[in-house]
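Participant: Submitted below is the structure of interest, expressed as structure tokens.
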Amino acid sequence: MSALNTRYHRAALGVFAFIVVAHWAEHIAQAIQVYVLGWPLPQARGVLGLPFPWLVTSEWMHYGYALLMLIGLLTLRRGFTGRARVWWNVSLGIQVWHHFEHLLLLLQAMTGDHLLGRPVPTSIIQLLVPRMELHLFYNTIVTIPMVVAMILHRRPSRAERALMVCTCAAPVAATAAAAAAA
């Protein structure tokens, strides 16, 4: 586990970022299908949901992704220092709530007992915002601080660099050149 936050931190962050961006792209594709192409919501299933429709309707799959995100954010957290850690923690905090909402949806799907007697599993914030838009929003607000954290992690201050235990930071010359250009 410690290797993921030291010598393999950069690679692990790359894999994690790829998974996050691919999932986020699925939500964007679904929104385009609804708002640009005018597809009815039941037919707008993103890219992977078109050949595999069960992916969109499976609460287990959605919960599994929320859990994967939570585990990834927790597991890779130790490699961050300073400002990057603060932003990573913001992403983690939002994902804790997002995970809770998916757990609530999964439990409703498993028991058939839906929130406030709704006909389908419903999350708390979904009482105010439609599900597709809500999950696009959730994934966006988890991703933005995560990306900020990764950028700050690659470009640490001298004090942050001294505390780092991984090799993610850009070489000092590249960081100095970027600072001079700004």
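Bear in mind that the values in this text are calculations on the coordinates, not laboratory data. All values derive from a computational prediction rather than experimental measurement. No Cβ is skipped: glycine too gets one built from the backbone with ideal geometry, and neighbour counts run over all protein chains shown.
Participant: Give, in whole angstrom and from largest to smallest, the semi-axes √(5λ) of the equivalent ellipsoid of segment 2-165, with λ running over the eigenvalues of the Cα gyration tensor.
Facilitator: Whole-Å semi-axes of the equivalent ellipsoid: 33, 17, 14.
Participant: Using a Gaussian network model on the chain with a 10 Å cutoff between Cα atoms, which of 52, 80, 137 fluctuates the most?
Facilitator: Ranking 52, 80, 137 by mean-square fluctuation puts 52 first.
Participant: Then there's this: What list of ³J(HN,Hα) values in whole Hz, one per residue of segment 68-73 in order, does the Karplus curve 6.51 cos²θ - 1.76 cosθ + 1.60 (θ = phi - 60°) give from phi, with Gly and Pro shown as x?
Facilitator: In residue order, the calculated couplings are 4, 4, 4, 5, x, 5 Hz.
Participant: Hey, what number do you get for the chain at 222 nm if only DSSP H runs of n ≥ 4 count, each worth -39500 (n - 2.57), divided across all residues, to the nearest 500?
Facilitator: The helix contribution divided over the chain gives -22000 deg cm²/dmol.
Participant: Please report the net charge: other residues with Cβ closer than 12 Å to the Cβ of residue 107, K and R +1, D and E -1.
Facilitator: -3
Participant: How much net charge surrounds residue 4 when only the other residues with a Cβ under 12 Å from the Cβ of residue 4 are counted, with Lys and Arg +1 and Asp and Glu -1?
Facilitator: It works out to a net charge of +4.
Participant: While we're on this one: What FRET efficiency comes out for residue 67 versus residue 32 if R0 is 30 angstrom and r is the Cβ-Cβ distance? Round to the nearest 0.05.
Facilitator: Using R0 = 30 Å, I get an efficiency of 0.65.
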